[in-house]
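Asks: Below is one structure. I have some questions about it.
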Amino acid sequence: MTKKIAVLPGDGIGIEIVAQAVKVLECLNADFGLNAEMEQGLVGGSAYDETSSPLPEATLKLAKEADAVLLGAVGGYKWESLDISVRPEKGLLGLRSELELFANLRPAILYPQLAHASTLKPEVVSGLDIMIVRELTGGIYFGQPRGVRELENSEKQGFNTLIYKESEIERIAHVAFETAMKCDKRLCSVDKANVLECTELWREVVERVSKDYPEVELSHMYVDNAAMQLVRAPKQFDVMVTTNMFGDILSDCAAMLTGSIGMLPSASMDKNQKGMYEPIHGSAPDIAGQDIANPLATILSVAMMLRYSLGAEALAVKVEKAVDDVLNQNLRTEDIYTQGDIKVGTSAMGDAVVAALKS
Ligand code: IPM
Ligand code: MG
């Protein structure tokens, strides 16, 4: 059966890296029996420029009708002064919320070939294999009320709301426990229960859900300590589960352990395994259009898509193996380059992955 993939490159390096992931999908179509139809849509700043909206109706329709969405990145200097309601980031957040993609899986895996590319000592990071499960459609990112108001003395006051219902915590906790069951069966829930009532409830609900998973060893950690532990002794973690904002911060931190944020894919899933797949890095406007961005996070996001939404585990493994192969060939984009490696550009890296797939 034909599967439909909505392809949304977005802005900045999103355009270049998604083009490499599309090459990979085309190769899987042509040579490995994947039957995927791809259709492109606009999102983010480029969508705003054309339609005055960062998430045009046509894009939302395309994403809703697709079996999976492949997204590059959104944002750039050009749109930073726009009103927050139409900024590129709203396109991404709108997709997450409209498609109800509440479960964000962000693996941080260190490829042994890149142990020396990490800013941490190789012995601290070698063998690292963490999965961060980030709640994606609630918390302070979406909580109401929000805004900037003027006080009586005409001073301005900004405010946002950290808010979670029990049902929202429960469903992400279930995803996290299920994920832990497939990993080392250790789950660390990250909160700030010593200060924030909302995350005190978070802890209580996660504790309650844990009763359904007696095999999983559950621990709790305050977010400040979790940030420290991630750089002190990251291998203590197996699966982590946390709120939208804490997950945003901790996943960038975890990314650096693996050598480069350019290596980390992600999957954002709804309750029916429909997902949006994107690298966790941003649009990097400073290096956009120069053919130096690392496309591997996006290509690895395609692997996650094959696994979780397209029911093609064997092809997912193939893509991951191809990425491993190009690293074994010492091919490196600038972000993961160290002396003695072979430096390649974005497009050449994409071609190398395709060649590895075919070999
Ligand atoms: C991420 C990004 C986004 C987020 C931005 C671009 C809105 O940082 O996916 O981690 O904050 O969720
Ligand atoms: Mg982020």
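Here, each number is a calculation from the coordinates, and none is a lab measurement. Everything quoted here is computed from the prediction, not taken from an experiment. Here the Cβ positions follow ideal geometry from the backbone for every residue, glycine too, while neighbour counts run over all protein chains shown.
Asks: Would you mind computing, in nm to one decimal, how far apart the modelled labels at GLU65 and GLN40 are, each placed 7 Å from Cα along Cα→Cβ?
Replies: Label-label distance for GLU65 and GLN40, simple model: 1.8 nm.
Asks: What is the packing order of peptides 8-15, 263-270, taking the mean over residues of other C-beta atoms within 10 Å and listing the highest first?
Replies: 8-15, 263-270
Asks: Which whole-Hz ³J(HN,Hα) couplings does the stretch 343-351 yield from phi under the Karplus relation 6.51 cos²θ - 1.76 cosθ + 1.60, θ = phi - 60°, glycine and proline marked x?
Replies: Rounded to whole hertz, the list is 7, 10, x, 4, 5, 5, 5, x, 4.
Asks: For TYR77, TYR213, TYR277, which order do you get if you count the other beta carbons within 10 Å of each Cβ and list the fewest first?
Replies: TYR77, TYR213, TYR277
Asks: Let me ask something else. When only C-alpha pairs under 8 Å and at least 6 residues apart count, what is the relative contact order of the chain, in percent?
Replies: Relative contact order, the chain: 21 percent.
Asks: What value, in deg cm²/dmol to 500, does the helix sum -39500 (n - 2.57) over DSSP H runs of n ≥ 4 give at 222 nm once divided by the residues of the chain?
Replies: -12500 deg cm²/dmol
Asks: Once phi is turned into θ = phi - 60°, what whole-Hz ³J(HN,Hα) does the Karplus curve with 6.51, -1.76 and 1.60 give for every residue of the stretch 98-111, x standing for Gly and Pro?
Replies: Coupling constants for the stretch 98-111: 5, 8, 6, 8, 7, 10, 9, 9, 10, x, 10, 10, 8, 6 Hz.
Asks: Also, I was wondering about something else. Give the long-range amide H neighbours of ALA36: residues separated by 5 or more places, or on another chain, with amide H under 5 Å away, using H modelled in the peptide plane at 1.01 Å from N.
Replies: When sequence neighbours closer than 5 places are left aside, the close amide H contacts are LYS3.
Asks: When only DSSP loop residues count, what trypsin sites (Lys or Arg not before Pro) in the stretch 155-245 have their Cβ near at most 11 other Cβ atoms within 10 Å?
Replies: Qualifying residues, ordered by number: LYS165, LYS211.
Asks: Follow-up. Starting from 0.36 nm per residue, how many nanometres of slack lie between GLU150 and TYR77 once their C-alpha separation is accounted for?
Replies: 23.5 nm
Asks: Tell me the label-point distance for the pair SER359, THR119, using the 7 Å Cα-to-Cβ offset, in nm and rounded to one decimal.
Replies: The answer from the label model is 3.3 nm.
Asks: Moving on to the next point. Roughly how big is the stretch 129-257's charge dipole about its Cα centre, with Cβ charges of +1 (Lys, Arg) and -1 (Asp, Glu), in debye to the nearest 20?
Replies: 180
Asks: Say R0 is 56 Å: what FRET efficiency, to the nearest 0.05, do ARG232 and ALA58 get from their beta-carbon distance?
Replies: 0.75
Asks: For the stretch 1-54 and the stretch 277-319, what is the centre-to-centre distance using only Cα atoms, to the nearest Å?
Replies: 11
Asks: Would you please give the FRET efficiency between MET245 and ASN328, computed as 1/(1 + (r/R0)^6) with r the Cβ-Cβ distance and R0 = 35 Å, to the nearest 0.05?
Replies: 0.40
Asks: Could you work out how far apart the two model spin labels at LYS343 and HIS174 are, taking each label as a point 7 Å from the Cα in the direction of the beta carbon, and quote it in nm?
Replies: 5.0
Asks: With springs only between Cα atoms under 10 Å apart, run a GNM on the chain and tell me which of LEU230, LEU187, LEU82 wobbles the most.
Replies: Checking each option, the largest mean-square fluctuation is seen for LEU82.
Asks: Of LEU105, VAL74, HIS116, which is farthest on the positive side of the dipole of the stretch 46-136, counting Cα position, with +1 on Lys and Arg Cβ, -1 on Asp and Glu Cβ, and the Cα centre as origin?
Replies: Checked the options; the winner is HIS116.
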